[in-house]
1. With a Förster radius of 45 Å, plug the Cβ-Cβ distance of residue 78 and residue 136 into 1/(1 + (r/R0)^6) and report the FRET value to the nearest 0.05.
2. Between residue 32 and residue 104, with labels modelled 7 Å along Cα→Cβ, what's the label distance in nm to one decimal, could you check?
3. How would 146, 86 line up from fewest to most surrounding beta-carbon atoms within 10 angstrom?
4. Using label points projected 7 Å from each Cα along Cα→Cβ, tell me how many nm separate residue 180 and residue 62, to one decimal.
């Protein structure tokens, strides 16, 4: 599926990777082709990664990601603050994933769409994690749901604290606190597991 928007390999001088300016948003709202292409270039990979880890199928993720931009470009006039754009775009992506599961008439809890075992299995299958990484994933399951989600968005999907805050509708300070506590808990769990393994008698 193709949205018809051209991928622009020459970023606008005023833009930096992963950011959107007020000027770029205004141009896109006026249907300026270069502005629309630039937004697509800046965010497509992030949106694709976000969707892929929730549907576990490359072609489906590509189609859904394209649909996200079609929906977003059709509703650009509803955005009045350029700093809110990215969180708004991720919300469209999240809703698209939920709609996808509803159309399939598959019973999937919303929290399963957000993270849980399907997500983790997809990551393991996709990147063939080694033993240490698999142990990390096992310990990750022992964190609270919110801590798991923040860690995954930060380190698996490479989102910034600002992007995570916009997506979760929290301020950046709250996200940093959740991240700090989650990492501290992970370190404790890994340390305890290593101590247990060291204490086991060797055969």
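1. Efficiency, from the Cβ-Cβ distance: 0.65.
2. 3.9
3. In order of increasing Cβ crowding within 10 Å: 146, 86.
4. 4.3
FYI, it's all coordinate maths here, none of it is from the lab. Please read all numbers here as calculations on a predicted model, not as lab measurements. Glycine gets a Cβ as well: all are built from the backbone with ideal geometry, and neighbour counts include every protein chain shown.
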